[in-house]
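The values are calculated or read from the model by the stated rules, or taken from the named source; none is laboratory data. As the structure is a prediction and not an experimental result, all values here were calculated from the model. Here Cβ is always computed from backbone atoms with ideal geometry, including for glycine, and neighbour counts include all displayed protein chains. Ligands, DNA and RNA are excluded from the accessible area calculation, which covers all protein heavy atoms including side chains. Shrake-Rupley method; radii C 1.70, N 1.55, O 1.52, S 1.80 Å.
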Amino acid sequence: AAAAVARWAVLNNCVLPGFGGELCLRKARHPLLQAQFRQAGQGRAVVPLDLELPPRIRTLVITGSNTGGKTVALKTIGLLCLAAQSGLPVPAAAESLFPVYDTIQADIGDEQSIQANLSTFSAHVKNISAILHASGRGPALVLLDELGSGTDPLEGGALACGILSELHRRQATVIATTHLGAVKNFV
């Protein structure tokens, strides 16, 4: 297992993670995206992610066009935080720092299910309810993709603002994506 981790770390240009009071990613790359580009050839390269979230800032909302970059950023942040806390090398620059979280929770993707009678919106609500139940027991990282989507924009925006407010009150670090103007203005 150690040899496999070492080979993987060399292949992905990984470093041993550093830990500190802030989330600071420098030249962070999603390893599966790197592997996909490597396999496809054609000289494509992953655009590295730089993100700095000082300890006094606990909520970050990312917005932009629908090209997948926001979701990839969330997945990269979550995966690298989990890898670091698991003692694995991370595909990032050596000056990257990771806080230690008691929980890392995410609502990413569409869990719509006809069998479970869940719409896109109700699936998000169910996931966020579980996240709220899990947070509040220590430092938490919460990743929320397309917060407030899947319903009327006014209602979704109001609900999203309430969720962000509650997570902030619970001292969670929240990184969310949205297209809703109400959420952007709230943050």
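Across the range 89-105, the number of residues qualifying as open to solvent by less than 70 Å² (accessible area, probe 1.4 Å), over 23 Å from residue 163 (Cβ atoms) and assigned to a loop (DSSP other than H, G, I, E, B) comes to 5. When 151, 177 are checked against the criterion of being open to solvent by less than 10 Å² (accessible area, probe 1.4 Å) and among the polar types (S, T, N, Q), a single residue qualifies: 177.
Residues of the range 46-63 that are in a strand (DSSP E or B) and open to solvent by 80 Å² or more (accessible area, probe 1.4 Å): 50, 52.
Return the residue satisfying two criteria in turn: it lies in the range 67-83 and is open to solvent by 30 Å² or more (accessible area, probe 1.4 Å) and either without any contact (Cβ under 8 Å) to a residue 40 or more places away in the chain or of a type in the set (A, V, I, L, M, F, W, C) (or both), and of such residues it is farthest from residue 105 (Cα to Cα). Within the range 67-83, the match that is farthest from residue 105 (Cα to Cα) is 67. Filtering the range 1-18 to residues that are touching a strand residue (DSSP E or B) at 6+ places or on another chain (Cβ under 6 Å) and either open to solvent by 90 Å² or more (accessible area, probe 1.4 Å) or not in a loop (DSSP other than H, G, I, E, B) (or both) leaves only 18. For the range 19-26, the criterion of being loosely packed, with under 15 Cβ neighbours inside 10 Å and assigned to a helix (DSSP H, G or I) is met by none of the residues.
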